[in-house]
Amino acid sequence: MTALPQERRVVTAIPGPKSQELQARRTAAVASGVGSVLPVFTTRAGGGIIEDVDGNRLIDFGSGIAVTSVGSSAEAVVRRASAQLQDFTHTCFMVTPYEGYVEVCELLAELTPGDHAKKSALFNSGAEAVENAVKIARAYTKRQAVVVFDHGYHGRTNLTMGMTAKNMPYKNGFGPFAPEIYRVPVAYGYRWPTGPDNAGAEASAQAIDMINKQVGAENVAAIIIEPVLGEGGFIEPAKGFLPAIAQFAKDNGIVFVADEIQSGFCRTGQWFASEDEGIVPDLITTAKGIAGGLPLAAVTGRAEIMDAPHSGGLGGTYGGNPVACAAALGAIETMKELDLNAKAKRIEEVMKARLSSMQEKFDIIGDIRGRGAMIAIELVQSGTKDPNPAATAALAKACHAEGVLVLTCGTYGNVLRFLPPLVIGEDLLTEGLDILEQAFAGV
């Protein structure tokens, strides 16, 4: 898969002296609003390893936030994108089109849930995909209201900031936000007042009641939800919740949109997380894992809904860039060839077994959840369910110091999330978990 040796190596403090030099240059030149989880400067990455300028090799449990599922230098991605670079970098699909864009749309029709006629439009980023899904739903329904959920994350543009639940760091000080966005409860099993078994039915009933009373179902263009909520803490809505919401949408002529930007493309052990409860979304938004690290996003959905906007109403200069489309074809080829859905399921098996044994030893692990290679642990104060963001930050820092890149998330900042590349070797996965366990013992 990659020429980069697949072994952890820590040869300096992390970050090392060369990274610190670059960090000083960065501080002078890059806006301070752009943060970084770990200021080590990368020179190479591939498989399950990131190598920095100081020669340290880190085990990658982040995949660039669920982007490099096929690894950071997958052969088919490099081969196809390189060939496309030789031919042409850009014409703008809206000026003179090219086959790669069409091929990506054909594959999206094949891979996404449901056997109805589907069409796609390609964009640059997840936020752009979500924003365009709203445009398409409004054009189709001739309605305006958009319903989103507690703990949801949809992006950083003005509209998608308004749709995102978490204030810091995404929304604070950036308002006013777009109107006609309404937020309703989600079935967060671990924190549901009457327990996880009741969460699906109770939360869906509450959400539907709020929509009917406060918005009016007849005013709603779209209901948008992540089938596994990402930044909000890798929350899997309790069983029954998503089918109830999808059915309510169907009964009321509302476009049901699955935001699969973080959960799509084999990440959860299925092509799309919606498949878990047999959900067939009207529209599905994708980005992140679609193109092996090149910027590409899509809205895919029922042909009649996708065709609602007037000609010229959708697009963007770089949307469906030819090099990014070539990379997507390489990424999807890799997913199929290596059966990355099976790999994701195996990662879940290994991780959940280890994390469960850690939970028996360390009572600050309140919950273990997620599917495939989208796994998280929620950390709490001992003996309570009170969020423990301090322990979460300390654990991440301890892992980083030992050469394991982990990410945090969650509305309360108390969730450690694990998003290893689906091609990671099992030895690296196990070693990373060993280091996590040592970090727990230290914290």
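The values are calculated or read from the model by the stated rules, or taken from the named source; none is laboratory data. Computed from a prediction, not measured in an experiment: that's the story for all the values here. Note that we place each Cβ from the backbone using ideal geometry, even for glycine, and neighbour counts take in every protein chain shown.
If you filter the range 142-177 down to residues that are touching a Leu at 6+ places or on another chain (Cβ under 8 Å) and aromatic (F, W, Y), you find that the one that is surrounded by the fewest Cβ atoms within 10 Å (Cβ to Cβ) is F177. I need the full set of residues from the range 341-376 which are part of a helix (DSSP H, G or I), in contact with a helix residue (DSSP H, G or I) (Cβ under 7 Å, 6 or more places away or on another chain) and either over 17 Å from F234 (Cα atoms) or at pLDDT below 95 (or both), in order please. Answer for the range 341-376, where residues must be part of a helix (DSSP H, G or I), in contact with a helix residue (DSSP H, G or I) (Cβ under 7 Å, 6 or more places away or on another chain) and either over 17 Å from F234 (Cα atoms) or at pLDDT below 95 (or both): V350, R354, M358. Scanning the range 404-428 for residues that are among the hydroxyl-bearing types (S, T, Y) and in a loop (DSSP other than H, G, I, E, B) yields T411, Y412.
Residues of the range 350-362 that are under 20 Å from the mean Cα position of the chain (by Cα) and surrounded by fewer than 22 Cβ atoms within 10 Å (Cβ to Cβ): K352 alone.
For the range 15-36, does any single residue satisfy the condition of being at pLDDT below 95 and not β-branched (V, I, T)? The answer is yes; a qualifying residue exists.
Residue by residue, here is whether (1) of a type outside the set (D, E, K, R); (2) touching a strand residue (DSSP E or B) at 6+ places or on another chain (Cβ under 7 Å) holds:
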| residue | (1), (2) |
| --- | --- |
| K213 | no, no |
| A221 | yes, yes |
| I225 | yes, yes |
| F241 | yes, no |
| I254 | yes, yes |
| S263 | yes, yes |
| E277 | no, no |
| L283 | yes, yes |
| I290 | yes, yes |
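Whenever a residue of the range 369-396 is over 27 Å from G264 (Cβ atoms), it has no partner that is of a type in the set (D, E, K, R) and at pLDDT below 95 lying with C-beta atoms less than 9 angstrom away and at least six residues away or across chains.
Being closer than 20 Å to L242 by Cβ and either buried (at least 23 other Cβ atoms within 10 Å of the Cβ) or assigned by TED's automatic domain parsing to the domain that holds N252 (or both) narrows it down to one residue among A207, A139; which is it?
Working: A139 fails: closer than 20 Å to L242 by Cβ.
Testing whether each residue is closer than 20 Å to L242 by Cβ and either buried (at least 23 other Cβ atoms within 10 Å of the Cβ) or assigned by TED's automatic domain parsing to the domain that holds N252 (or both) leaves just A207.
From the list A238, A201, which residue is of a type in the set (G, A, S) and assigned to a loop (DSSP other than H, G, I, E, B)?
Just one listed residue meets the conditions, A238.
Looking only at the range 164-173, decide whether some residue is over 22 Å from G232 (Cβ atoms) and either free of Cβ contacts under 8 Å to residues at least 60 places away in the same chain or in contact with an Asp or Glu (Cβ under 7 Å, 6 or more places away or on another chain) (or both). No; the residues of the range 164-173 include none that is over 22 Å from G232 (Cβ atoms) and either free of Cβ contacts under 8 Å to residues at least 60 places away in the same chain or in contact with an Asp or Glu (Cβ under 7 Å, 6 or more places away or on another chain) (or both).
Within the range 392-416, being touching a helix residue (DSSP H, G or I) at 6+ places or on another chain (Cβ under 9 Å), crowded, with 18+ Cβ neighbours inside 10 Å and under 18 Å from G233 (Cα atoms) holds for L395, A396, L405, V406, L407, T408, G410, Y412, N414, V415, L416.
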